[in-house]
Every structure is written in C-alpha cells, then in structure tokens.
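The values are calculated or read from the model by the stated rules, or taken from the named source; none is laboratory data. Quick caveat, the model's predicted, so the values are computed rather than measured. Glycine also receives a Cβ, built like all others from the backbone with ideal geometry; neighbour counts cover every protein chain displayed. The protein model used for the area step is the full one, side chains on, heavy atoms only, and it has no ligands, DNA or RNA in it. Shrake-Rupley method; radii C 1.70, N 1.55, O 1.52, S 1.80 Å.
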Amino acid sequence: MSEVRYPFTAIVGMADLRLGLLLNAVSPAVGGVLVRGEKGTAKSTMVRALAGLLPAIAVVDGCRFACDPAGPDPQCPDGPHTAVGSHERPSQLVELPVGVAEDRIVGSLDLERALAEGVKAYEPGLLAKAHRGVLYIDEVNLLQDHVVDLLLDAAAMGRSYVEREGVSVRHAARFLLVGTMNPEEGELRPQLLDRFGLTVEIAATREPAERAEVVRRRLAYDADPAGFAARFAAEERELAEHITAARELLPKVELTDVALRQITAVCAAFEVDGLRADIVMARTAVALAAWAGRTEVLEEDVRKAAQLALPHRRRRNPFDAPGLDEEQLDRTLEEHAQPEEPEPEDDGPEPGGDGPDGGGDGGPGDGGPDGGGAPEPADGGAPEASAPEDAEAPEPQPVPAQHPSPARESAPVAAGDPYRTRLFTVQGTGHGAQGRRSPAETTGGHTVRARRPQGTLSRLHLTATLQAAAPHQVARGRAGRALVLHKDDFREQVRQGRESNLVLFVVDASGSMAARQRMTAVKGAVLSLLMDAYQRRDKIGMITFRGADAELALPPTSSVEVGAARLETLPTGGRTPLAAGLLRAHEVLRVERLRDPNRRPLLVVVTDGRATGGRDALARSQRAATLFAAQGTASVVLDCESGPVRLGLARTLAGLLGGSAVSLDELRAEGVASLVRANRSTTSMRKAA
C-alpha cells in the first residue's frame with residue numbers, strides 16, 4: 001500500500017463528515033466524532049487524510065509520551081523534564097485494531113521486575129503514542145465494551161492510568177478521537193454513544209456523475225499516488241492554514257447569552273439526558289464561529305451544532321435510529337432568539353372587557369363575526385351539527401371482497417410492546433467475549449482462583465505468588481528484606497465475569513401462528529428477547545420456517561436493529577416445516593462454531609410445537625431436536641400454544657432438545673418475580689400458622 005495519503009480535499013461530497021472532522025481539528029475539546037455509515041463510503045480514507053492537515057507539534061527530546069516542552073506533564077514516566085531540548089514532528093495518527101488487548105492500549109508494566117527489583121519498567125501503549133494526535137478506531141462497535149469504556153474515559157479525562165497491584169503509572173493522553181462503524185454490524189450502547197462529541201451519518205451518493213468522479217479520482221490515485229497528491233497540494237496547504245488560523249481565533253470567540261440560552265433550550269426541548277449535550281453544543285458552536293472567521297456565535301452556528309451533536313443523544317429505545325426533528329429545532333431557536341425581557345407588572349384587566357375573559361359584544365359565544373358559536377357552512381346551508389336526529393342515515397357502501405393470496409399469506413402484523421424478560425443463560429463456565437449473559441472467565445469480574453501465568457503476566461495474584469515463594473526463601477539464600485522470586489513463583493488471577501453468547505432464534509411463521517392477536521404477542525416476545533440480547537451484548541441470528549422450507553432471515557450479527565426490522569416485516573401463513581427450521585439452525589450453529597469456537601450458542605425456538613408437511617413431520621422434527629441435545633446446546637422453547645385444548649407439543653420438544661420451555665406469560669421478568677413473592681408469602685403464612 002502507498003505511504004502517500006489520499007488528499008483530504010480530493011474526497012468528493014460528504015460535507016457533514018468533512019465539517020465534523022475539521023471542527024474537532026480546530027477544537028479537540030468538542031470530544032471527537034463518530035462516523036456511522038454503510039461500507040465502502042470512504043470513512044477510513046477521510047479520517048486518515050485528516051492527519052496530514054494537522055499542524056506539527058513540538059515535543060521534548062527523548063520523551064516517549066510526546067510532552068509539550070512549553071508545559072511538560074509533571075507525572076510523565078520519562079520526566080521530570082527540565083532544561084531539555086525539543087524538536088518538531090508531525091501529529092501522529094494511531095489506528096486501534098479491533099482485536100486489541102487492554103495492555104496494548106494503556107501500556108504494560110513488568111510486574112516481575114517491579115516486585116523483584118523495585119523498578120517501574122513501563123512500556124507505553126497506544127494512548128501514549130496518540131497523545132496530541134489522532135486516535136482512530138475503525139469498527140468501534142466491534143470492540144469489547146471494557147475496551148471502549150477505557151478509551152472514552154481516557155479521552156474525557158485526558159489522562160491514562162495503569163494500575164497493577166499497587167504499582168501506578170500515569171501519563172497525559174489528550175487526542176482527537178474518531179470512530180467509524182457500520183450500523184448493520186451492531187450498535188454502540190447509548191452510554192457510549194453519548195461520550196462521542198459529534199455523530200455524522202453518511203451514505204454513498206446516488207448521483208451517477210458524483211459516483212463517476214469518485215471512481216475517476218480513485219483510479220488516478222492508485223496509478224500515481226505522488227502525482228495525484230501533488231495536484232491537490234495547494235488546496236491541502238490552504239486548508240491546513242485555515243485550521244491553524246481558526247485555532248488561533250478560537251479563544252477570542254464570544255458565546256453570547258442569547259446563543260447559550262438557545263443551546264440550553266434546544267437540549268431541553270429534545271429531552272436529552274444529562275448536561276454533556278449542552279457543553280458539547282456550546283464548544284461546537286464556538287468552533288463553528290472560529291472556522292467561519294467570526295468572534296461571535298450566531299444562530300446558524302447553534303443550529304448546525306445541534307444537527308451534529310444531538311441526533312445520537314435522542315435515542316430512547318435501542319432500536320430507534322438517530323435523528324432530529326428540524327421543524328422543532330427551528331421553532332425552539334426562534335422562540336429564544338431575543339434576549340429575555342422582564343415580565344410586565346399586572347395592572348389589571350384590559351379596558352373593554354366585561355369579565356375575566358374580556359367577553360362582550362362580538363366576544364366568544366356571542367355568535368358575532370369572531371364569536372365562538374357554531375360556524376356556518378360556506379354555501380349558506382344549515383350547519384352539519386344541526387341535522388335532525390330522525391334524518392335518514394346514508395346507505396352503507398359495499399365493501400369489495402378481500403381475496404386471499406394463493407399461498408394464504410397473512411400481511412405482517414406489528415409487534416407488541418417490548419418488556420423486560422427472564423434471563424436465560426448457558427450452563428457452565430465459558431471463555432467467550434466479555435458480555436452480560438452467561439458465566440465465563442474474563443479479564444474483568446471477581447477473582448475466583450489463581451494459576452500459573454499463561455503467556456505474559458498481566459493480572460498478578462499477589463497472595464498466591466507470596467505463598468508459592470515463601471517456602472523456598474531459606475534455600476535461595478535470602479539475606480535482606482527483599483523476597484527472592486523465581487519465574488515459577490508468579491501466579492495470575494483467574495477472574496469470573498459474564499460473556500456474550502450467540503442467541504439464535506428459530507421462529508414459527510406458519511399458518512398456525514397467523515392469528516393477529518397471537519402473532520402480535522409472539523412478535524412482542526421476540527422483540528423483548530432481542531432487546532435483552534442487545535443489552536447483554538450478544539450476537540443474534542434468526543431463522544423463520546413456513547410453507548415448505550426454512551429461511552435464514554438474519555445471519556448471525558451484532559446488529560440487533562436489523563433483527564427487529566426483519567421481525568417487523570415477517571409474514572405468516574402456510575404449513576409448519578418445524579424439522580426444516582431445526583435442521584437449518586443446526587447447520588448455522590455448526591458453521592458459527594468453526595468461526596468462533598469460544599462463543600457459546602443459545603437456541604431459542606418460538607413455536608407451538610406443531611409440525612405439518614408429511615405423515616412423519618412431527619417425528620422428523622423430534623429426531624432433529626435430539627441433535628442439539630447430543631451436542632449439549634443450551635436451548636429454550638417459547639411455547640406459543642393457546643386455547644382451551646393444548647397438546648403440550650412445545651414442552652415435549654423442549655425435553656428432546658434438552659432445554660426448558662416457557663409460555664408467553666412466563667417470559668416476563670415481572671411475572672416471575674411476582675410468582676416468587678407469592679410463593680414466599682404463602683410459605684411464611686404456613687410457618688406462622
């Protein structure tokens with residue numbers, strides 16, 4: 001790959017993304033930008049191009065943490081810096097890999113040397129390298145939650161902390177944080193979304209001329225990167241000078257009381273949580289004014305700041321798409337566009353009013369021109385409301401007959417309101433990605449035991465290490481207070497937390513589920529389980545079966561939003577090929593085990609247990625169920641059977657799967673809690689008796 005970056009000014013379109021990045025370059029205090037968009041939209045190209053526009057920085061000679069010679073970090077591990085030389089270098093662009101470990105981000109501390117020799121041997125991480133530069137996280141939504149939390153905390157505090165068994169290292173870590181993501185691959189939690197200052201939604205242009213220009217420029221760059229960059233060198237230099245000038249102007253920009261009131265009024269009107277949105281909007285509006293070469297924030301700056309800083313903060317439901325009501329924004333800005341005036345004193349009722357409402361001739365209820373009486377129709381006829389009660393009602397118009405489709409497919413029905421569900425877990429202890437569902441050995445959580453280090457020692461178990469070394473101190477010739485430690489003495493912590501799982505839904509969409517009320521309840525239950533999977537950071541997949549076969553409606557993904565959309569448009573009708581649905585699920589899980597052996601699956605079958613499509617349809621579905629039991633796959637059957645006569649086929653299926661069965665009523669967490677409370681109350685009464 002060429003080392004010559006694609007020029008920032010050569011990128012076609014994407015004005016909002018361009019502006020969001022430039023505002024953060026002018027004022028890093030804005031808090032970074034999250035770029036949301038479909039694949040192949042040059043998100044990464046534009047972020048990498050931005051680094052070439054940033055001004056060069058002065059750093060202390062020999063400092064691995066890029067300390068500013070004008071104000072070095074007093075806690076710098078390479079300090080203190082006094083009377084030292086300095087040099088200038090370009091701002092760094094540090095890219096964070098998706099599979100990065102915590103030690104690679106914050107740096108690693110050699111605990112063996114720290115304990116045995118009393119030396120703080122610290123190797124800086126990516127946060128130290130990104131100090132005073134750009135930290136770029138591609139596919140930020142695919143990072144583990146604890147890694148994202150760590151990054152955003154460092155970005156908010158401007159400092160990185162490394163704590164290992166009482167040994168502490170701290171250093172400055174101020175950087176421009178830029179994250180990119182494809183929403184189809186999964187969302188960030190609202191708490192994490194809120195930590196990004198700005199969010200920009202991008203999509204590829206649909207204009208053929210613009211698309212042709214994009215392709216033309218890309219081909220020219222690939223053929224001659226240096227020559228292509230030279231074509232835009234003057235524009236790049238001009239843009240870099242514009243950034244420098246805006247940075248110098250930034251401290252002189254005044255945020256007027258009117259602009260500040262508009263900012264707070266907009267945040268209140270859109271009901272954003274907390275006050276971070278107000279602060280980010282204020283900083284963004286000031287940066288916009290500086291970018292425009294002004295020293296005063298105008299209403300247009302506030303409007304644009306709201307469009308960049310608020311959409312991702314308005315989400316109330318995990319499945320809500322970011323957005324902003326432009327009409328409401330304009331109304332709020334207009335209402336607060338003038339300075340507040342003191343309220344006039346009440347001097348009593350205005351003249352001409354006969355009562356508290358100012359009633360009188362021509363007033364409301366008088367039937368005058370502006371009165372509140374019944375309005376007369378335009379043609380001069382009698383008002384509609386005065387029609388006599390015994391007048392003949394118009395004859396009903398015939399309604400055309402509704403002809404069912406040949407496959408007797410029912411139109412999709414809306415899902416019921418989601419609710420908090422019971423927690424379903426996979427038994428045993430896993431080793432998958434950190435999440436919030438099933439027990440697992442993780443990097444977080446509480447310590448359950450100690451073991452010999454597996455690879456580099458990162459989580460020292462101090463007590464177990466001392467116990468292992470203590471019996472050998474005399475034989476090793478211990479002479480002073482320091483312990484004599486050997487490599488075999490060290491023990492690391494084994495922590496138990498929770499992991500995320502692959503939740504695979506197998507949903508019956510056949511005619512037996514087609515009753516509208518019933519399907520609404522079923523979809524509401526599945527939507528609730530999808531929301532639970534979102535909150536627990538699971539991957540999800542969805543298989544539907546109806547008619548003659550099963551369909552993989554949603555391949556395993558982290559995007560629960562897509563699953564909710566597919567569920568909403570799910571049609572019903574036809575036969576019930578339950579065996580086909582189970583066999584398709586078995587194949588999907590087989591492939592996923594090869595892709596990610598550590599992610600344990602949870603199978604959720606949504607059915608009433610019926611099976612049609614041949615004489616042995618039920619027997620075939622029951623034989624398919626035993627495949628999951630043989631592999632030990634955790635499973636739950638959501639029993640959708642209703643009516644006075646129940647066959648119990650879903651619970652039989654659950655037994656063959658080796659799992660459990662719950663009804664729609666039992667799925668609610670509130671229902672389970674009330675049942676437990678009722679049982680406890682009954683038990684207490686019996687004991688008292």
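Applying both filters, DSSP loop and at most 12 other Cβ atoms within 10 Å, to the trypsin sites (Lys or Arg not before Pro) of region 188-218 gives Arg206. Legend: residue pairs Lys304/Lys523; Lys43/Lys304; Lys43/Lys523; Lys39/Lys129; Lys39/Lys304; Lys129/Lys304, Cα-Cα distance threshold 31 Å; pairs beyond threshold, Lys304/Lys523; Lys43/Lys523; Lys129/Lys304.
The slack between Leu423 and Val98, meaning 0.36 nm per residue of separation minus the straight C-alpha distance, is 114.1 nm. Estimate the FRET efficiency between Glu207 and Lys39 by the formula 1/(1 + (r/R0)^6), using the beta-carbon distance for r and 22 Å for R0, to the nearest 0.05. Computed FRET efficiency for Glu207 and Lys39 comes out at 0.70. Between Gln496 and Val84, full extension at 0.36 nm per residue minus the direct alpha carbon distance yields a gain of 143.6 nm. Ligands, DNA and RNA left out, the accessible area of region 518-618 computed with a 1.4 Å probe is 51% carbon and sulfur. Per atom type, region 43-115 shows carbon and sulfur on 49% of its accessible surface, probed at 1.4 Å.
Taken as Cα centroids, region 457-516 and region 572-641 sit 35 Å apart, rounded to the nearest whole angstrom.
Using R0 = 22 Å, the C-beta based FRET efficiency linking Glu248 and Ala56 works out to 0.90. Summary value for region 416-574: 26 percent relative contact order, contacts being C-alpha pairs under 8 angstrom separated by 6+ residues. Were the residues from Gln473 through Arg566 laid out at 0.36 nm apart, the gain over their Cα-Cα distance would be 26.9 nm. Within region 536-636, the trypsin sites (Lys or Arg not before Pro) that combine a DSSP coil assignment with at most 12 other C-beta atoms in a 10 angstrom radius are Arg615. Taken along the Cα-to-beta-carbon direction at a fixed 7 Å, the label points for Gln328 and Ser660 span 4.0 nm.
Tell me the per residue accessible area of region 1-99 using a 1.4 Å probe; a whole number in Å² is fine.
Value for region 1-99: 43 Å² per residue.
For the pair region 557-571 and region 1-38, the centres of their Cα atoms are 31 angstrom apart. Simple spin-label estimate for Gln338 and Arg595 gives 6.0 nm between the two label positions (7 Å along the Cα-to-Cβ direction from each Cα). Ligands, DNA and RNA left out, the 1.4 Å accessible surface of region 171-251 is 54% carbon and sulfur atoms. Taking GluC sites (Glu not before Pro) across region 164-265, the ones in a DSSP loop with at most 16 further Cβ atoms lying within 10 angstrom of their Cβ are Glu165. Put simply, the amide H of Ser510, placed in the peptide plane, has neighbours under 5 Å in Gly573, leaving out anything fewer than 5 places away on its chain.
What's the magnitude of the charge dipole for region 211-333 around its Cα centre, counting Lys and Arg as +1 and Asp and Glu as -1 at the beta-carbon? Answer in Debye, nearest 20. Before the final figure, lay out the partial values.
Details: 19 positive and 22 negative charges, 74 e Å.
Charge dipole of region 211-333: 360 debye, to the nearest 20.
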